[in-house]
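These notes are about the structure you will find just below.
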Amino acid sequence: MDDWRKRIADLVHLYFGTRGVSRSRVELFLRQLEPLITGTELPVEVRDIISNLQTVTILLRRSPTGKPVYVLREGRLAGDLRTDAVRGKSPRDIFPPEVNAITMPMVARAFDGEDVEFTYSLGGRTFLTLLHPFRRDNAGRVTDVLGSMVDVTTERRYAQELEHSERLFRTLIENMPCGILYEEFAPDGTTTRVVINSEFTQVTGYTLESYRQTEIEERNKRLYPEDRPTVEARYLEWLRSDSTAPLHLQYRFIDRHGIVRWLDNYIARIVHDDGCEGILQVVLDITERATAEQRLRHAASYLEQSIEPIIEWDKDYRLTFLNRAAHAAFPELKLGSYLLDHPLGQGLDQCEHQWSDEHQPAMVQVQSKTYMRLVAQTGKGWRMFCHDVTALVEAERTLRLALEHEQTMNMLRSQFVSTLSHEFRTPLAGILTAAQLLDRYGAVMTDEQRKETIRSITARVRDLEYIVHSFTRRTALLGRTDAPWSEVEPVVTIERIAADIEIIGRKRARLALQSDAPQRVLLDAELFRVAIEALLDNAARYGPEEGTIGVHIATRSDDRLCVTIQDSGIGIPDDEMEQLFTPYFRSSRSGNIPGSGLSLATLKPLIESIGGCLRLDNHPDGGMIARLDLPCSGAPINVEQSYPTSSEQAAHHPPH
């Protein structure tokens, strides 16, 4: 019996332990289970072990009438339909018609000698089932079918979410009002991925297929001959450097019809954890703007008919001419008006000595519009040409902000993936060590030693659950396009978070909560909960048994919510304070306390991304004091509030 128990335990750890569920693992589990099922009845000991697995193991037998009936149906997913309740019954007599419509044809195929895999839904859950012909009679007909069923609801949901994210990314790329080209290269320089949107094809003429088939030298020939040396030199210099700043280029490009276009090109580098490097190019067709600049520089006639506003003034800055476009654009300007009193005249008296036929244009803001201003000298004074570039300026600003935001999010996503991998190692190592102890010395261990080892495994599993919960929430924060505010009761929220933190209950820590803040405030509620949970967990983790965690809540006049969390723990040496928010850093005082040094390092950039602040300092009386500062909005409520003392708080906060 001990040998069976060990083999079953090994199979469960190997195929359903820490790596998730897949068809291949279910199939290998069944094939390893076959030798343990002997005779016409399953040994009671083996059945008892199978009944505790997070699966359903089934054994179907062909009855004398040819109908498949249950011999075995065990496992935690079996619910009330275990062996004693279904023995001798057909699946058709137990399950609803919509399930039988899927399962019974598969059962028939299994009794015909096929290995069968299928999924079905029941009660809002999705189940993966594998059936395997087990025994045959002397005529070669299958008499017994062995199978296993696992819940793959979570795996299917993750797959759907990943597919949704990919579709969303493609949709965003395709609908952006600018050309997008993304190339990804392996460490050896081979191109592994190319993405082109329709706007890029519209601007350059390259489709995905034609771009792949065109050599780099041929592509460079499409650059305007006068611009090509400069563009190539600047691009190669940027490519060989370690700069993370985007490269901005403006040049002329010959499209597929031989027409010369002016392109505005932003190029960014994205480095992935697997060593691959991506080059993202954002291309805007600025032919109209560039042509307008040239036209303004060389305009010498047709002033009145010009669709661009044109004005002239004398040496005293009094207006002497406005064309029709200028009257329409600036109705407040009149002949004889003093130009320096208008936004168009801003700074003109300070740069008069610099004016020439070749001066550079300047941007000026007139109410809600942006104009490119070009000044030229005439025989009687000066002339100004104005071109409305509001839409282009706004597009450039939006594009620049989007590019910077995407770079920041990519960096944080890469850091979070690396962090999650690192965080998993410690609890997994603990589980593996405990499992190896049971494997090697389980037979000679006392009951108490075995229980302690199992408790150790349980604690590490809880650590994994906490890590997955924490990083799932932080990853969701990274994926937000904005930070919606909602109403929060800080005192109630902090009390609930503390009650749910396992290590606070395990160490019997007491929460001493004081508040000078309004009862309710508006802020980024999700980030507030994530930050409070991380800081309270740290305070309990590095604090003493039955220690006190002091929490004080206040608001400032500049609409900021300030939360101070103080523990009586080990503190941090002063010479290590600068490394506190460095990934993977752990204080020399942390000793054997579990942790990886990643919680604060991943939390701080999220807080700063919404204009918040996080600081940690040593307290003069010992321990650490964390100061969380978040933007908020709230007004005091004219009701008297009272909060429990530390002893009262402890009385209503029993250990887990």
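Rule-based calculations on the coordinates, nothing more; no lab input. For clarity, every value in this text was computed on a predicted model and none was experimentally measured. Counting neighbours? That spans all protein chains shown, and the Cβs are built from the backbone with ideal geometry, glycine included.
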**Prompt:** In terms of Cα to Cα distance under 24 Å, which lysines are near enough to Lys451, apart from those fewer than 8 places away along the same chain?
**Reply:** Lys6, Lys507
**Message:** Rounded, prolate or oblate, given the Cα gyration tensor of the stretch 64-184, with a/c below 1.5 counting as rounded?
**Reply:** prolate
**Asked** lysines near Lys67 by alpha-carbon distance under 25 Å, same-chain residues fewer than 8 away left out - which ones?
**Response** Lys89
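As an exercise, use a Förster radius of 35 Å and the Cβ-Cβ distance of Ser243 and Gln202 to find the FRET efficiency, rounded to the nearest 0.05. Mind dumping the intermediate values first?
Numbers: r = 30 Å, r/R0 = 0.86.
FRET efficiency, Ser243 to Gln202: 0.70.
Give me the number: length gained by fully extending Lys451 to Arg212, i.e. 0.36 nm times residue separation minus the C-alpha to C-alpha distance, one decimal in nm.
Numbers: separation 239, 0.36 × 239 = 86.04 nm, distance 6.18 nm.
The Lys451-Arg212 span can extend by a further 79.9 nm.
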**Filtered trypsin sites (Lys or Arg not before Pro), the stretch 182-243: DSSP coil and at most 13 other beta carbons within 10 Å** = Lys221
**Item:** Phi to ³J(HN,Hα) by Karplus 6.51 cos²θ - 1.76 cosθ + 1.60 over the stretch 378-385, Hz, x for Gly, Pro
**Value:** 10, x, 10, x, 9, 10, 10, 9
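So, counting K/R as plus one and D/E as minus one, what does the shell of residues with Cβ under 14 Å around Arg170 add up to?
Working: positive: Arg167, Arg193; negative: Glu163, Glu166, Glu174, Glu199.
Local net charge: -2.
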**Asked** Each residue of the stretch 157-162 in order: what ³J(HN,Hα) in whole Hz does its phi give by Karplus 6.51 cos²θ - 1.76 cosθ + 1.60, θ = phi - 60°, with x for Gly and Pro?
**Response** 5, 4, 5, 5, 5, 5
**Request:** Estimate the FRET efficiency between Ala429 and Ala101 by the formula 1/(1 + (r/R0)^6), using the beta-carbon distance for r and 51 Å for R0, to the nearest 0.05.
**Result:** 0.65
**Request:** Starting from the Cα of Ala395, step 7 Å along the direction of its Cβ; do the same at Gln377; then give the gap between the two resulting points in nm.
**Result:** 3.6
**Item:** Under the Karplus curve 6.51 cos²θ - 1.76 cosθ + 1.60, θ = phi - 60°, whole-Hz ³J(HN,Hα) for the stretch 115-130, x wherever Gly or Pro sits
**Value:** 7, 10, 10, 7, 10, 8, 10, 8, x, x, 10, 10, 10, 9, 10, 10
**Message:** If the reach is capped at under 16 angstrom between alpha carbons, list the lysines near Lys380, excluding any in the same chain fewer than eight residues apart.
**Reply:** Lys315
**Qualifying GluC sites (Glu not before Pro) for the stretch 209-280 [loop in DSSP, other Cβ within 10 Å: at most 11]** = Glu215, Glu226
